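**Q** Dumping the structure here so I can ask a few things about it.
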Amino acid sequence: MGYKVILYTIEPPNEKDYYYPESVKRVVIPDFNKLETRLAKLEQSLKEEHVDLFVYHAWLYPSLLYDMMLMKSLNIKFIAHAHGLFVWPYSHFNIYSANSHRIFGMCDAVATLADMSNDFYKLCGCASYLVQNPVPDYLKNINKTANLNSKKILWLGRIDAGKRLIDAVKIFERVHEKFPDYTLEVVGRDFDNSFPAVKKYCDAKNLNKFINFHGYQTDVNKFYQDAALMLMTSEMEGYPYTLLESKAHGLPTVMYSLPYLSLVKDGKGFVSAEIGDIEKMAELVCDLLLNEDKRIKLGQEARESFESIANYDYEDNWRKIFELACDVSAQEKIRREKSQGENALMIKMLINQLGPGIEDAINLIYNTRSFRLGKAILTIPRIILNSLKRVKKFIKRA
């Protein structure tokens, strides 16, 4: 698009990085735990690189407000890319979640991935814009679709509580009773220590011979290409790339119902059941495995859906957002469009009560005798633990 791009990350370059062009300069900055050092290094780099506009991908990161204030002090436009559903911040019981709508309201723009999120932030008085995630070239150039006669069912994603891998295992357990020659292929790594419970369940149910755990993979195409269908058990998503990838490979998906996703608006390439309905999900999987014609038709629809998504004009949309983020009058017009009326009033009343309510609850916990006593008792063990962590990091670097 002709822009000079600087990529700021907390992690240094490592073997798990995905590809990015050599023309993109990467700058590593400290995390939130070293806030003063982080802001100083970030300020120095922003000035050296003559940054005009900052797209902030870490929309749930505790440093967002501080980083944004730095940008504003340097007259750099700030766009928060809220790439998950608007309710995510409110699932965390803390002061930040209660005030997140006010923080986003100070941004020059908020980019969202779903109509529902876009409407919510507009109702909060934010200059909010709907975007689609870009489709990588390697997906556009796929010339080998899924083998729908395979004896493999695919589950792919990071392993954490919200992805509900344990549900997928229970669904497969029921499917396996009717289709004993099929296997479940699990691709992804453990993010929140959810995996041990999954493994324990598999051991107890003697499923280990039929479930293959492949761990973290950067090349996932081969897994999509050698599967009869994909199982998606996430309870909440913003823009699931696994669903986009499955559509690119013409792979039917059996998923929990997430009707707010832009990727499911056309109703193509998937079937769904209510979140947590293990029996219905198993029934849908069995139905597709029994009915080859239906499976092939759903796979064709998935590919058609992908081709429609791939034709989206990302450049044009992002250029407009960049221009609008720099246009104060345009921002105010967008803020006013939906920040008035009954719906906006309802949202404001809700979150105006939510904020003080959370603060009162947190203060109540902090002021209890048991909390103060526990904090005092754990002071020395906490110092020892942090020291051991620093030593471990030092040894790892050495």
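The values are calculated or read from the model by the stated rules, or taken from the named source; none is laboratory data. Here the structure is a predicted model, which means the values were calculated and not measured. Note that each Cβ is placed from the backbone with ideal geometry, even for glycine, and that neighbours are counted across all protein chains shown. Areas reflect the complete protein model, heavy atoms only, side chains present, ligands, DNA and RNA absent. Shrake-Rupley method; radii C 1.70, N 1.55, O 1.52, S 1.80 Å.
**Q** Can you tell me which of PRO12, PRO30 is in a loop (DSSP other than H, G, I, E, B), over 26 Å from GLN217 (Cα atoms) and within 23 Å of the chain's Cα centre (by Cα)?
**A** It is PRO30.
**Q** Turning to a different aspect of this structure: Just checking, does the stretch 325-336 include any residue being farther than 30 Å from LYS268 by Cα, out of contact with any Phe, Trp or Tyr (no Cβ under 9 Å at 6 or more places or on another chain), not hydroxyl-bearing (Ser, Thr, Tyr) and not in a helix (DSSP H, G or I)?
**A** yes
**Q** Kindly indicate which of LEU244, LEU251 is farther than 16 Å from LEU165 by Cβ, buried (at least 23 other Cβ atoms within 10 Å of the Cβ), in contact (Cβ under 8 Å) with a residue 24 or more places away in the chain and touching a Leu at 6+ places or on another chain (Cβ under 7 Å).
**A** Within the list LEU244, LEU251, the selection yields LEU251.
**Q** Moving on. Looking only at the stretch 353-360, decide whether some residue is open to solvent by less than 80 Å² (accessible area, probe 1.4 Å), in contact (Cβ under 8 Å) with a residue 40 or more places away in the chain and closer than 30 Å to VAL5 by Cα.
**A** no
Quick grid of which residues meet (1) of a type in the set (Ser, Thr, Tyr); (2) surrounded by fewer than 13 Cβ atoms within 10 Å (Cβ to Cβ):
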| site | (1), (2) |
| --- | --- |
| LYS16 | no, yes |
| VAL27 | no, no |
| LYS34 | no, yes |
| THR37 | yes, yes |
| GLU43 | no, no |
| TYR56 | yes, no |
| SER63 | yes, no |
| TYR66 | yes, no |
| ALA80 | no, no |
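**Q** Can you confirm whether the stretch 71-78 contains a residue that is open to solvent by 60 Å² or more (accessible area, probe 1.4 Å), of a type in the set (D, E, K, R) and within 28 Å of MET346 (Cβ to Cβ)?
**A** Looking through the stretch 71-78, none of the residues is open to solvent by 60 Å² or more (accessible area, probe 1.4 Å), of a type in the set (D, E, K, R) and within 28 Å of MET346 (Cβ to Cβ).
**Q** Something else about it: Would it be correct to say that LEU113 is more than 30 Å from TYR20 (Cα to Cα) and touching a strand residue (DSSP E or B) at 6+ places or on another chain (Cβ under 8 Å)?
**A** So LEU113 does not fit the description; no.
**Q** Of the numbered conditions (1) of a type in the set (Lys, Arg); (2) surrounded by fewer than 16 Cβ atoms within 10 Å (Cβ to Cβ); (3) in a loop (DSSP other than H, G, I, E, B), LYS268 satisfies every one except a single condition; which is it?
**A** Answer for LYS268: the failing condition is (2).
**Q** State which residue is surrounded by the most Cβ atoms within 10 Å (Cβ to Cβ) when the search covers only the stretch 211-224 and only residues that are aromatic (Phe, Trp, Tyr) and modelled with pLDDT of 95 or more.
**A** Among residues in the stretch 211-224 that are aromatic (Phe, Trp, Tyr) and modelled with pLDDT of 95 or more, the one surrounded by the most Cβ atoms within 10 Å (Cβ to Cβ) is TYR224.
**Q** Any idea how many residues of the stretch 146-189 are acidic (Asp, Glu), surrounded by 17 or more Cβ atoms within 10 Å (Cβ to Cβ) and out of contact with any Lys or Arg (no Cβ under 7 Å at 6 or more places or on another chain)?
**A** 2
**Q** Considering the stretch 227-244 alone, what residues qualify as being among the acidic types (Asp, Glu) and modelled with pLDDT of 95 or more?
**A** Correct list: empty.
**Q** Is it the case that some residue within the stretch 64-87 is of a type in the set (A, V, I, L, M), in a loop (DSSP other than H, G, I, E, B), under 21 Å from the mean Cα position of the chain (by Cα) and under 30 Å from LEU258 (Cβ atoms)?
**A** Yes - at least one qualifying residue is present in the stretch 64-87.
Let's see how each residue does on (1) closer than 19 Å to THR9 by Cα; (2) of a type in the set (Gly, Ala, Ser):
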| position | (1), (2) |
| --- | --- |
| ASP52 | yes, no |
| LEU64 | yes, no |
| PHE78 | yes, no |
| PRO89 | no, no |
| GLY105 | no, yes |
| MET116 | no, no |
| TYR121 | no, no |
